[in-house]
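Here the structure comes first, spelled out in structure tokens, and everything after it is commentary.
The values are calculated or read from the model by the stated rules, or taken from the named source; none is laboratory data. These numbers were taken from a predicted model, which means no experiment stands behind them. Ideal geometry is used to build each Cβ from the backbone, glycine not excepted, and the neighbour counts take in all protein chains shown. Remember, those area values only see protein heavy atoms, side chains included, never the ligands or the DNA or RNA. Shrake-Rupley method; radii C 1.70, N 1.55, O 1.52, S 1.80 Å.
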Amino acid sequence: LSDYTYTFVKLERIEGELGERTYMAVKLRHEPFSVYLDFIAPARIKGQEAMYIEGQNDGKLQAHTVGLLGKLLGVVSLTPTAPLAMDGNRHTITDMGIRNLLRRMIESWEQDAQFGECDVTFTPGARINGRGATCIEIMHPVPRREFRSHITRLFVDDEVNLPIRFEKYAWPDEEGGERRAPASSAAAA
């Protein structure tokens, strides 16, 4: 795919705190790498926008917020890693998109394979927003500092053969405890 649009739903744990679900309409192009985000929800950030185009604006994203602050500041230029750009995010705008997700997944799987202790299951018949999907789950039964997560799930749409949901869970707080809410979760529709 050279370009595509999707609705992105994000739920992340940052510094031990589970944030709220964030919904964004996303337009993404790969050449040059470009991302446009239009925040849909929650209500307090609805209408906020961010745009990044590789090779333009001195490598900065262009953004504007809503409310009084948005009226006072207008459009601001931020490096993708600026504290304001990273507020409530584990990843930068430059990490968006299917290619980047798959690249990170492959890197993680290759690293994990070096250490073993990895249970992989393929489960067909999953349903994501009414679409048929296959779930690829990687679970590490024993916590090790080499592993980035306890459980990772990637759901691949059966019809278009593209990822449509990603989940990553941390280990339980105590042995035998329930798994913690997502370290990261994202879905595209």
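Working from label points 7 Å from Cα in the Cα-to-Cβ sense, the residue 60 to residue 173 distance is 4.1 nm. The aspartates and glutamates whose alpha-carbon is closer than 15 Å to the alpha-carbon of residue 71, local same-chain residues fewer than 8 away aside, are 49.
Counting only protein heavy atoms, what percent of the accessible surface of the chain is carbon or sulfur at a 1.4 Å probe?
52
With the alpha-carbon atoms of the chain aligned to their principal axes, the span from lowest to highest coordinate is 52, 38, 31 Å, starting with the largest. Stretching residue 120 away from residue 17 to a fully extended chain increases their span by 34.3 nm, per 0.36 nm per residue minus the current alpha-carbon distance. Computed with a 1.4 Å probe on the full set of protein chains, the accessible area for residue 2 sits at about 80 Å².
Against the chain, whose longest principal axis comes from its Cα atoms, helix 98-113 is set at around 30 degrees.
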